[in-house]
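Asks: Dumping the structure here so I can ask a few things about it.
The values are calculated or read from the model by the stated rules, or taken from the named source; none is laboratory data. Quick caveat: nothing in here was measured; it's all calculated off a predicted structure. The area values use the complete protein model at the heavy-atom level, side chains included, leaving out ligands, DNA and RNA. Shrake-Rupley method; radii C 1.70, N 1.55, O 1.52, S 1.80 Å.
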Amino acid sequence: MAIKIAFFDIDETIYDNRTKSFAPDAIPAIKKLQDNGVLVCLCSSRPNDSIRYLGCHDQGVEWDAIIGSGGGTAKVGNTYVRKFLIEHDVAKRFFDFCDSRGYCFEMI
């Protein structure tokens with residue numbers, strides 16, 4: 001049996017950043033795909049906290065998988081199958097470098 005799967009970006013695909021809302025037809029169409037046996041996945045450059053904060057989990061869709069941070073994380077159901085994280089000592093050295101030069105930097 002062939003696996004049927006559809007991937008959706010968030011920004012300007014299912015979510016309109018100008019109106020700050022989900023596209024009116026997007027969520028019902030995604031639910032219909034799922035009702036027809038198609039796996040539905042989010043694939044975004046957004047990190048997982050941003051995906052959650054935006055409300056992607058509050059639209060009535062049980063996402064089968066989520067690829068976040070531009071492929072840095074991959075989650076199937078509630079299980080991470082990939083987490084490409086920056087090592088703590090590397091991050092600390094980088095922040096120390098930025099701090100020593102008065103730079104402001106945010107890392108997600």
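Asks: Lys pairs in the chain, Cα-Cα under 25 Å, at least 8 apart or on separate chains: how many?
Replies: 10
Asks: Share of the chain's accessible area from carbon and sulfur, percent, 1.4 Å? The partial results should precede the final answer.
Replies: Numbers: 4290 of 7770 Å².
Of all accessible area on the chain, carbon and sulfur atoms account for 55 percent.
Asks: Taking amide H positions as placed in the peptide plane 1.01 Å from N, state which residues far from ASP9 in sequence (5 or more) or on other chains have amide H under 5 Å from it.
Replies: CYS43
Asks: Any idea of the accessible area per residue across the chain, 1.4 Å probe, to the nearest Å²?
Replies: Values: 7770 Å² over 108 residues.
Accessible surface, normalised per residue, equals 72 Å².
Asks: Whole-Hz ³J(HN,Hα) for each residue in region 75-85, computed from phi via Karplus 6.51 cos²θ - 1.76 cosθ + 1.60 with θ = phi - 60°, x for glycine and proline: what do you get?
Replies: Result, ordered by residue: 10, 10, x, 9, 10, 6, 9, 8, 9, 9, 10 Hz.
Asks: Separate question: Counting DSSP beta bridges with both partners in the chain, what percentage is antiparallel, nearest 5? Write out the running numbers ahead of the final one.
Replies: Values: 10 of 18 bridges.
Approximately 55 percent, going by the DSSP bridge assignments.
Asks: Once amide H atoms are placed 1.01 Å from N in the peptide plane, what residues at a sequence separation of 5 or more from VAL61, or on another chain, have their amide H within under 5 Å of its amide H?
Replies: Amide H to amide H, under 5 Å and 5 or more residues apart or across chains, VAL61 pairs with nothing.
Asks: Quick one: Karplus J couplings for region 41-56, per residue in order, coefficients 6.51, -1.76, 1.60, θ = phi - 60°, nearest Hz, x for Gly and Pro?
Replies: Taking θ as phi minus 60°, the curve returns 9, 8, 9, 9, 7, 5, x, 4, 5, 5, 4, 5, 4, 5, x, 4 Hz for region 41-56.
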